[in-house]
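J.: Structure provided below as structure tokens; questions to follow.
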Amino acid sequence: MKTPVDVELRSGPDVVDEAAALSVAACLFNGFSDASRLAIVRHLALGEHRVVDLTEHLGLAQSTVSKHLACLRDCGLVESRPVGRASVFTLTHPEATLELLSAAERLLGLTGDAVALCPNYGQKTLP
């Protein structure tokens, strides 16, 4: 089964630039690389939210939530629509996002503490 980052080496007009494809995939994962952004995405998976709703649910500052929503919107992961003076945010592709988060949870379950203990990206101390 091919994944989005699988690249076939071929010639002709349909040649895929492997470095470019991997770079785009890395950009996607950077969009999910912050715990606050992941929390926002998980809340949006429950349904649409306003910034004020997210600040209350997550205990984050309005400016922090707005900054992370802007990042997620720039990555094409969320979209917004105006409702009165507020904006309501939703996941752009909720089913695909939930599938990705589910796959990540499965992989984390399989790796155990290895990810958390990673010397480059892991936590300094486990909770």
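J.: Across segment 84-104, what is the total count of residues that are surrounded by 10 or more Cβ atoms within 10 Å (Cβ to Cβ) and either more than 13 Å from the chain's Cα centre (by Cα) or hydroxyl-bearing (Ser, Thr, Tyr) (or both)?
T.: Looking only at segment 84-104, we keep the residues that are surrounded by 10 or more Cβ atoms within 10 Å (Cβ to Cβ), and these are 86-94, 96-104.
Next, from what is left, pick out any that are either more than 13 Å from the chain's Cα centre (by Cα) or hydroxyl-bearing (Ser, Thr, Tyr) (or both): 86-90, 92, 97, 102.
Total meeting the criteria: 8.
J.: Residues to consider are 122, 76, 109; find the one that is among the small types (Gly, Ala, Ser), modelled with pLDDT under 95, out of contact with any helix residue (DSSP H, G or I) (no Cβ under 6 Å at 6 or more places or on another chain) and not in a helix (DSSP H, G or I).
T.: Values: 122 fails: out of contact with any helix residue (DSSP H, G or I) (no Cβ under 6 Å at 6 or more places or on another chain); 109 fails: not in a helix (DSSP H, G or I).
Only one candidate qualifies: 76.
J.: Assuming residue 110 fulfils every condition listed in (1) out of contact with any strand residue (DSSP E or B) (no Cβ under 9 Å at 6 or more places or on another chain); (2) closer than 26 Å to residue 24 by Cβ; (3) open to solvent by less than 80 Å² (accessible area, probe 1.4 Å) apart from one, which condition is it?
T.: Checking residue 110 against (1) out of contact with any strand residue (DSSP E or B) (no Cβ under 9 Å at 6 or more places or on another chain); (2) closer than 26 Å to residue 24 by Cβ; (3) open to solvent by less than 80 Å² (accessible area, probe 1.4 Å), the one that fails is (3).
J.: Let me ask something else. Quick one: residue 61 ticks every box in (1) of a type in the set (Gly, Ala, Ser); (2) touching a Ser or Thr at 6+ places or on another chain (Cβ under 9 Å); (3) open to solvent by 60 Å² or more (accessible area, probe 1.4 Å) except a single one, so which number is it?
T.: Here residue 61 clears every test but (3).
The values are calculated or read from the model by the stated rules, or taken from the named source; none is laboratory data. Not measured: the values here are computed from a predicted model. As a convention, Cβ positions derive from the backbone with ideal geometry for all residues, glycine included, and neighbour counts pool all protein chains shown. The area values use the complete protein model at the heavy-atom level, side chains included, leaving out ligands, DNA and RNA. Shrake-Rupley method; radii C 1.70, N 1.55, O 1.52, S 1.80 Å.
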